[in-house]
Amino acid sequence: MILVADGGSTKTEWRAIEGDKSVACIFSAGINPYFLSAEEIYQLIRQDLVTLSGSMPEKIWFYGTGCNSDVKNGKVREALATMYPASNIFIGSDLLGAARSLCQDKPGIACIMGTGSNSCYYDGTRIVSNVSPLGYILGDEGGGAVLGKKLLSAVLKKQVPAEVIEAFFETYKMSPAEILDRVYMKPFPNRFLGQFAKFISANIRFPELREIITNSFEDFILKNILQYPESREYPVNFTGSISFHFKSFLLESLSSNGLNPGKITLSPADDLVRYHISVLHE
């Protein structure tokens, strides 16, 4: 058995592969080694992967948010090795997982647009260039946390119609003080901010909310995609909840910038499984 994982800030999707098919799918909490210790990661996977406890994977391929250095990767590897000591473990970035999922063994631009955002030029084998996403404070244009940040700012500064403000507080039942406390004092503010993308989607009839989406996608294209000379030559592919649920806005922005859209998927998992079966033959 091979275990392939797509680890995001909000959730982690695990796929067990036997032969040429996926035989199990399990979801666990988000795993980000920037915020979690090896022990904390182990406690998460121990409770969530209990249904696989009787099986020892020959190999584990973990692609995750924050897995971009030896130190951070080491935390995840240590947690997985504690759970599965006999397994051969590979740790890669979520961006590599997205690129393998979206492009398989062909060149292209691969983008993630979920709670955060990221992008790269992938040559069919490896990531050749990557514009640093910088996180939701300095970057992550188009990601859910940035959309939520823009929405909260507009609501709290009363820059959207009163009907939107009333609907927001009716939906979430939080005071402005509680919102600020969650953003500045509590852990995982990116997850907190990311949840408000659903409110934008539910109230997309308001032009002020459509403008948040459009401006954020234009920012992502300008500051990220257009930095790759190859973006004019190859398809621009996306995976993640924001790109999927706001697909029509994204396609419009790509078209207005003269870019060729490729795949837009909700999750990389299905195509990542296909990559490991058909391309790696492992």
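Points worth noting:
- Here each label is just a point 7 Å from Cα along the line to Cβ, and for Ser255 and Glu18 those points are 4.6 nm apart.
- Packing-based order for 13-19, 214-220, using average beta carbon neighbours within 10 Å, highest first: 214-220, 13-19
- Peptides ranked, highest mean first, by Cβ atoms within 10 Å: ranges 134-147, 64-77: 134-147, 64-77
- Among the listed pairs Lys106/Lys263; Lys150/Lys173; Lys186/Lys247, those beyond 23 Å (Cα-Cα): Lys186/Lys247
- Surrounding net charge for Arg126, when Lys and Arg each add one and Asp and Glu each subtract one, Cβ distance under 12 Å: -1
- CD proxy at 222 nm, helix term only [per DSSP H run n ≥ 4: -39500 (n - 2.57); per residue of the chain; nearest 500]: -13000 deg cm²/dmol
- Based on C-alpha pairs under 8 angstrom that are at least 6 apart in sequence, the chain has a relative contact order of 18 percent.
- Spatial separation of Cα centroids for segment 191-213 and segment 47-125, in angstrom: 29 Å
- All other residues whose Cβ lies under 10 angstrom from that of Asp271 are scored, Lys and Arg at +1 and Asp and Glu at -1, for a net of +2.
- Three-way shape call for the chain based on the alpha-carbon gyration tensor, with the a/c threshold at 1.5: oblate
- DSSP beta bridges confined to the chain are antiparallel in about 55 percent of cases.
Since every read-out is calculated from the coordinates, none of them should be taken as a lab result. Here the structure is a predicted model, which is why all the values come from computation and not from measurement. Neighbour counts run over all protein chains shown; Cβ positions are idealised from the backbone, glycine included.
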